[in-house]
1. Here are B:76, B:98, B:82, B:45: which of them is part of a helix (DSSP H, G or I), touching a residue at least 60 places away in the same chain (Cβ under 8 Å), open to solvent by less than 20 Å² (accessible area, probe 1.4 Å) and more than 12 Å from chain A (Cβ to nearest Cβ)?
2. From the list B:186, B:181, exactly one residue is at negative phi, within 21 Å of the chain's Cα centre (by Cα) and at the interface with chain A (Cβ under 10 Å from one of its Cβ atoms). Which is it?
3. Would you mind telling me which numbered condition in (1) more than 14 Å from chain A (Cβ to nearest Cβ); (2) open to solvent by less than 50 Å² (accessible area, probe 1.4 Å); (3) more than 23 Å from residue B:102 (Cα to Cα) residue B:161 fails?
4. Among A:35, A:41, A:27, A:23, which is the only one that is open to solvent by 30 Å² or more (accessible area, probe 1.4 Å), more than 8 Å from chain B (Cβ to nearest Cβ) and closer than 23 Å to residue A:356 by Cα?
5. Which condition does residue A:343 not pass, out of (1) surrounded by fewer than 17 Cβ atoms within 10 Å (Cβ to Cβ); (2) at pLDDT 95 or above, if it passes all the others?
6. Suppose the filter is assigned to a helix (DSSP H, G or I), surrounded by 17 or more Cβ atoms within 10 Å (Cβ to Cβ) and out of contact with any Gly (no Cβ under 6 Å at 6 or more places or on another chain); does residue A:348 pass it?
7. Out of curiosity, is residue A:220 within 22 Å of the chain's Cα centre (by Cα) and either on the phi > 0 side of the Ramachandran plot or in contact (Cβ under 8 Å) with a residue 24 or more places away in the chain (or both)?
Amino acid sequence: MKRPTAFLDVQLDATELALRQNARRFAETVIAPNAHEWEEAEYFPDSLFRTAAKAGLLGVGFPEHLGGQGGTVMHQMMVTEGFIHGGTTGVMAGLGSLGIALPPILAGGSDDHVSRFIRPTLAGETIAALAITEPGAGSDVAGVRTRAVKDGTDYRISGSKLFITSGCRADFVTVLCRTSDDPHGGLTFFVVEKGMAGFSVSKHLQKTGWRASDTAELAFDEVRVPERNRVGAPGSAFLTLMKTFQAERLALAAMGHASAEFLLEAAAAYARERKAFGKVLTGHQVIRHRLAEMATQVAAAKAMNYAVGRRVALGDYLVAEVSMAKNFASDVATRIAYDAVQILGGMGYMRESAVERIARDVRLLPIGGGTTEIMNEIIGKTLGI
Amino acid sequence: MKILVTTKRVTDPGTKIKLKADGSGIAADGVEFKPNPFCENAIEAAISLRDQHGGEVIVVSIGPDEADQTIRSAVAMGCNRAIRIDGNDGGLDGDLVARALAKLAESEQPDVFILGKQAVDGDSNQVGQLMAEYLGWPQATFASAITVTNGGKSAQVAREVDGGIETVEVDFPAVITADLRLNEPRFASLPNIMKAKRTAIEVKTLADLGVETTLKVRTTRFEAPPGRQAGKKVADVADLVQKLRNEAKVL
Ligand SMILES: Cc1cc2nc3c(=O)[nH]c(=O)nc-3n(C[C@H](O)[C@H](O)[C@H](O)COP(=O)(O)OP(=O)(O)OC[C@H]3O[C@@H](n4cnc5c(N)ncnc54)[C@H](O)[C@@H]3O)c2cc1C
């Protein structure tokens with residue numbers, strides 16, 4: 001099968017293509033040989049953060065003068081497209097937790113935070129997580145109840161956070177806290193560090209997919225946090241979050257088209273070899289048509305993501321479009337996961353096949369980073385429907 | 001130390017290639033290209049030798065305009081200068097490539113010329129050896145380790161040969177070809193990729209180098225190898241011996 005998305009490559013410049021090739025080589029040589037073992041272990045070694053940083057693949061999208069690799073959301077998409085060839089999105093999600101944990105800190109603009117948190121994390125020396133979701137507040141971010149109370153020059157933080165990616169091993173967590181009762185204006189980010197008294201991991205959660213990435217429930221029991229760990233001015237978090245959500249959603253959208261393309265290629269390759277009723281599966285029109293429809297969906301999702309990504313890379317603030325891209329790519333990935341498993345038959349249901357794994361992984365996409373329903377709320381509001 | 005190193009754009013060995021209907025070559029549409037993995041080992045070796053002993057690394061490739069991208073990825077890994085000798089796969093063979101590179105070596109006068117032991121498209125495994133012969137330089141092929149000796153005047157090279165490792169010492173200037181276990185090629189970072197985009201690539205023609213373009217190898221036709229036949233199960237050793245003797249007729 002020719003690549004149905006080859007025509008989109010002309011939109012990419014040489015640096016983007018080169019980065020994608022690098023990320024793919026990294027994924028194929030460093031991740032893929034271990035993918036099954038790490039997925040089964042529900043963990044991958046911490047040293048992978050350093051290895052990825054050394055390969056220049058961890059800090060893509062972060063400014064060079066802060067220890068990042070430079071580049072735009074388009075370059076980040078290239079890393080995602082390369083990394084999918086590791087055959088696990090769990091590893092990608094785990095390595096990617098800094099992609100959501102650091103931007104709020106960066107927005108806070110403190111040099112002290114850059115040297116203590118941003119630089120070492122981009123170098124793969126420390127691991128970062130972002131904690132917004134709570135047992136009682138997911139989609140409704142303004143429902144956050146974890147409290148930070150001023151106590152002399154410190155704050156005392158109490159509450160709990162749920163579903164936190166890389167939370168079990170994080171050296172520090174960017175935590176969304178309530179500093180006043182104002183629903184939106186009373187939210188503030190704090191950096192809570194491993195080892196601070198009262199801060200603990202209450203659970204390593206078990207999941208349907210993204211298994212190699214650790215997901216935690218975190219407990220904060222009167223954790224004393226110095227004022228210098230506060231990010232930005234009190235009450236500044238909600239606005240920051242609205243902006244940083246855009247990059248997270250675009251990253252999940254990219255994970256959607258990359259996963260879908262990976263699944264399509266795997267299903268097509270299988271269908272060309274596997275025989276049933278005296279001919280290969282692609283000899284049956286039903287299968288051919290299904291693959292043709294899958295190819296069309298993949299191309300459309302990728303084209304949408306490139307179109308939105310290119311504008312965002314140039315600095316446009318596209319709230320509705322990013323949400324549309326995320327929803328579309330998530331839907332395509334979900335549908336193609338079903339189709340790919342169907343084409344593989346029993347083999348698509350077996351734990352050692354990458355199709356089975358990615359098919360489970362993509363179920364997260366319509367949920368994480370804001371659900372499909374919430375995206376639709378945003379699209380409706382922004383477009384004035 | 002001045003080091004010349006090669007890179008070649010090859011069809012991604014992971015993709016299934018298709019032949020043109022008339023058998024005249026490989027169908028190029030939809031094919032993805034990659035740098036030859038053995039060349040990446042050669043580049044890694046060249047760069048780390050340069051980093052240890054000083055000097056410069058010049059990367060060279062023979063190919064069409066499109067090969068510039070492959071050359072730039074070598075520059076992004078850390079090569080100092082880049083040269084492309086303009087040529088098309090159709091008009092090249094290993095011998096012509098070796099002669100062109102030898103000419104370049106004569107004008108650049110490197111201490112070492114490092115190449116991949118072979119390119120994973122044609123798998124001919126000829127260029128390094130032929131070039132060394134044309135230049136009259138010592139050669140150490142299939143290198144799995146390179147140590148510079150004699151204060152930069154020679155190198156000790158461990159070669160992977162059947163049955164073990166052979167160590168040879170070559171005086172500079174010398175030709176070395178790289179095997180996979182020589183090293184783990186580094187990944188170019190995005191800032192270096194960006195810089196490489198702005199690096200000028202010097203383009204030379206075969207005529208500039210004064211190379212005669214007649215080929216020694218003529219390709220008549222490409223054919224896919226026959227599909228593998230299904231295996232047979234044997235009941236026991238006696239059955240196996242009987243089948244090897246009477247059916248396969250190898251005993
Ligand atoms: C693997 C994984 C990793 C995660 N990583 C992180 C992380 O690192 N950090 C972090 O902070 N969070 C993380 N999350 C949490 C994630 O962001 C939330 O799960 C998500 O925002 C949804 O929240 P919820 O699960 O509480 O669902 P709920 O908000 O309870 O929603 C349940 C259902 O109700 C629907 N719904 C809710 N409100 C409306 C409405 N107004 N109209 C219509 N329908 C509505 C939702 O769309 C959904 O279908 C992670 C989650 C998972 C599964």
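The values are calculated or read from the model by the stated rules, or taken from the named source; none is laboratory data. From a predicted model like this one, the values you see are computed outputs, not experimental measurements. FYI the Cβ positions are ideal-geometry reconstructions off the backbone, even for glycines, and counts take in every protein chain you see. The area values use the complete protein model at the heavy-atom level, side chains included, leaving out ligands, DNA and RNA. Shrake-Rupley method; radii C 1.70, N 1.55, O 1.52, S 1.80 Å.
1. That would be B:45, the only listed residue that is part of a helix (DSSP H, G or I), touching a residue at least 60 places away in the same chain (Cβ under 8 Å), open to solvent by less than 20 Å² (accessible area, probe 1.4 Å) and more than 12 Å from chain A (Cβ to nearest Cβ).
2. B:186
3. So the condition that residue B:161 fails would be (2).
4. Result: A:41 is the single residue among A:35, A:41, A:27, A:23 that is open to solvent by 30 Å² or more (accessible area, probe 1.4 Å), more than 8 Å from chain B (Cβ to nearest Cβ) and closer than 23 Å to residue A:356 by Cα.
5. Among (1) surrounded by fewer than 17 Cβ atoms within 10 Å (Cβ to Cβ); (2) at pLDDT 95 or above, residue A:343 violates only (1).
6. Yes.
7. In short, no.
For (1) away from every other protein chain (no Cβ under 14 Å); (2) of a type outside the set (Asp, Glu); (3) surrounded by fewer than 16 Cβ atoms within 10 Å (Cβ to Cβ); (4) within 12 Å of the ligand (Cβ to nearest atom), each residue gets a yes or a no:
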| residue | (1), (2), (3), (4) |
| --- | --- |
| A:97 | yes, yes, no, yes |
| A:120 | yes, yes, no, no |
| A:150 | yes, yes, yes, no |
| A:157 | yes, yes, no, no |
| A:162 | yes, yes, no, yes |
| A:173 | yes, yes, no, yes |
| A:176 | yes, yes, no, yes |
| A:181 | yes, no, yes, no |
| A:196 | yes, yes, no, no |
